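S.K.: Sharing a structure here in structure tokens format.
The values are calculated or read from the model by the stated rules, or taken from the named source; none is laboratory data. For clarity, every value in this text was computed on a predicted model and none was experimentally measured. Every residue, glycine as well, gets a Cβ built from its backbone with ideal geometry; the counts of neighbours run over all protein chains shown.
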């Protein structure tokens, strides 16, 4: 594999991580993330994985506070 292919593969794996995190959250946490999406005018159907990642990171930071 070329270095660029390896880099693209690793980036794709990083982008899938938020979807897996959302899947493993309990229903209450999933609801909170979906509310955050709704506040931003997005839905789980219209959001990119990058945006989902940012929303999940924001949600996790809010839980720590």
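S.K.: Within the group 15, 25, 1, which residue is surrounded by 12 or more Cβ atoms within 10 Å (Cβ to Cβ) and at pLDDT below 85?
M.R.: Exactly one of 15, 25, 1 is surrounded by 12 or more Cβ atoms within 10 Å (Cβ to Cβ) and at pLDDT below 85, namely 15.
S.K.: Looking for something surrounded by 10 or more Cβ atoms within 10 Å (Cβ to Cβ), assigned to a helix (DSSP H, G or I) and touching a residue at least 24 places away in the same chain (Cβ under 8 Å) - is there at least one such residue anywhere in the range 30-44?
M.R.: yes
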